[in-house]
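Structure first, commentary second.
The values are calculated or read from the model by the stated rules, or taken from the named source; none is laboratory data. No experiment lies behind these values; they were computed from the predicted model shown. Cβ sites come from the backbone with ideal geometry, for glycine too, and all protein chains shown count toward neighbours. Remember, those area values only see protein heavy atoms, side chains included, never the ligands or the DNA or RNA. Shrake-Rupley method; radii C 1.70, N 1.55, O 1.52, S 1.80 Å.
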Amino acid sequence: MLKYLGAGGGVVAAGAALAACTGVQQAQNGGRSGPFPGNPGWRFVFVNHVTTNSFFVPTRSGLADAAALLGVPEPQWTGSENGNVAQMASAMETAINSKVDGIAIALTDDHAFVDLTKRALGQGIPVIAYNAGAAGNYPLAYVGQDLYLSGFRMGQRIAQKITSGDILVGISQPGGNNVQPRLDGITDALKQAAPGVRVQSVNTGAEQAGELNAMTAAYTGNAGAKGIYAVDAGSTAACAKLIADRGLSGRVGAGGFDLLDDTVAGVKGGALDFTIDQSPYLQGFLSVLYLYLFRLSGTLVAPPATDTGLTFVTKENVGPYATAHSRFEGGDNKDVIGMPGAIPLPPASGR
């Protein structure tokens, strides 16, 4: 796609036409990725449900990188710190009233953002859903993991180890579109593959600081649980720490989502059997790219729905995650790490 942008194709021609209409001069982006058309400084806004959560560090790196590459201002990062839907709706409304040039929003609620999305689109403001989609809403596209499928695949994996008894599953926001589909997928998979397993969900809350306390209290009340799992980043990190602190490694099944430091350390040390990578960097990078192309092409390049992936990270392949400290996974290493001599094939159920 980037080569096409730099090769004088139809997208560049459309950009030249727009530049002629607006008086904006063509510009090159430092010569690093070929010529990119100039633009009026399109302003994009990301509305998020947990703005300070560590999970979204690589998402913010992705959106910043895309903005720098394309020559637009870094998008504003706004929303709520603790999953407050009213605060998110207010942030979206502010963006619409400010006549921004594009909005990316995590649609964590089925109803709160429907009218706002209609308003934005009616005013010519493109809207993309990222990280969480919503039935009955009208974004141009969704950029993120297939959430139900990821939970279903996780449930199948749990069933390979546990066939009966209780398991605890932490969830930061029960009912939230970003996490509830995963829990539903786990439950449905276990009904098929291991009907003797009983899922006990644990409401851990949207703030990372309280998730360890919630998981610890749940395990204290059900010390016979055969598995400790989670469907969000903070709760998974809490599971890893709980298991390590209680010396439960190898004694219970365990796993979850995403790549916070405690989670990666838990996989490497054996506290967790696995975690699932959903490529949060791409959720930021591609959302900016799609908004940019939509505007650049005069709406002709419609953003595609994009599944950002489902990769099981286990002790066998956790090495690069543990050592690279890459900005693509939330670390501080901005350098290209380099391509290995051979790329290992993922497990059959890993994608």
Practice problem: Show which lysines lie in cross-link reach of K118 when reach means a straight Cα distance below 16 angstrom and same-chain residues fewer than eight apart are skipped. | Solution: K99
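Ignoring ligands, DNA and RNA, what percent of the accessible area of region 216-348 is carbon or sulfur (1.4 Å)?
58 percent
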Quiz item: In the neighborhood of T275, defined by Cβ-to-Cβ distances under 14 Å, what is the net charge if each Lys or Arg adds +1 and each Asp or Glu adds -1?
Solution: -2
Quiz item: What list of ³J(HN,Hα) couplings, whole Hz, do you get for region 295-307 from phi and the Karplus terms 6.51, -1.76, 1.60, once you set θ to phi - 60° and write x for glycine and proline?
Solution: 6, 4, 8, x, 6, 6, 9, 6, x, x, 4, 9, 7
Quiz item: For region 100-213, with the dipole built from +1 on Lys and Arg beta-carbon atoms and -1 on Asp and Glu ones, taken about the Cα centre, which of I167, I125, A194 lies farthest toward the positive end?
Solution: A194
Practice problem: Would you look at the GNM of the chain, springs on alpha carbons closer than 10 Å, and say which of N53, N317, N333 moves the most? | Solution: N333
Quiz prompt | Size of charge dipole - region 290-337 - debye, nearest 20, with Cβ of Lys, Arg +1 and Asp, Glu -1, no other charges | solution = 160 debye
Self-check item: Residue-count net charge about A159 - beta-carbon cut-off 15 Å; Lys, Arg +1, Asp, Glu -1
Solution: +3
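What does the charge count around S80 come to, taking other residues whose C-beta lies under 13 Å from its C-beta (Lys +1, Arg +1, Asp -1, Glu -1)?
Details: positive: none; negative: E81, D109, E207.
Surrounding charge for S80 is -3.
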Quiz item: Most fluctuating residue of R251, R60, R295 in a GNM of the chain with Cα springs under 10 Å: which is it?
Solution: R251
Quiz item: Given the alpha-carbon gyration tensor of the chain, what are the semi-axes of its equivalent ellipsoid in whole angstrom, ordered largest first, with each equal to the square root of 5 times an eigenvalue?
Solution: 39, 22, 17
Quiz item: So, in Å, what gap is there between the alpha-carbon centers of region 130-199 and region 216-276?
Solution: 17 Å
Quiz prompt | Test item: Cα-centred dipole of region 93-192, Lys/Arg +1 and Asp/Glu -1 on Cβ, debye | solution = 260 debye
Quiz prompt | Ratio of Rg to Rh over region 115-214 (Cα coordinates, Kirkwood Rh, two decimals) | solution = 1.10
Quiz item: Can you give the angle from 0 to 90° between the axis of helix 57-70 and the longest principal axis of the chain, with both taken from C-alpha atoms, to the nearest 10?
Solution: 20 degrees
Quiz item: Which value at 222 nm does the chain reach when only helices count, each DSSP H run of 4 or more adding -39,500 (n - 2.57), with the total divided by all residues and rounded to the nearest 500 deg cm²/dmol?
Solution: -12000 deg cm²/dmol
Exercise. For the chain, build the charge dipole from Cβ charges (+1 Lys, Arg; -1 Asp, Glu) around the Cα centre, then report which of G253, F312, T204 sits farthest towards its positive end.
Key: F312
Quiz item: Using the eigenvalues of the Cα gyration tensor, what equivalent ellipsoid semi-axes result for region 217-338 when each is taken as the square root of five times the eigenvalue, whole Å, largest first?
Solution: 35, 17, 10
Quiz prompt | Value of relative contact order over region 117-213, rounded to a whole percent, pairs C-alpha under 8 Å and six or more apart | solution = 27 percent
Practice problem: Mind putting a number on the dipole of the chain about its Cα centre? Charges go on the C-beta only, +1 for Lys and Arg and -1 for Asp and Glu, and I need it in Debye to the nearest 20. | Solution: 500 debye
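If you count only protein heavy atoms with a 1.4 Å probe, what accessible area per residue comes out for the chain, rounded to a whole Å²?
Spelled out: the 1.4 Å probe surface of the chain, per residue, equals 43 Å².
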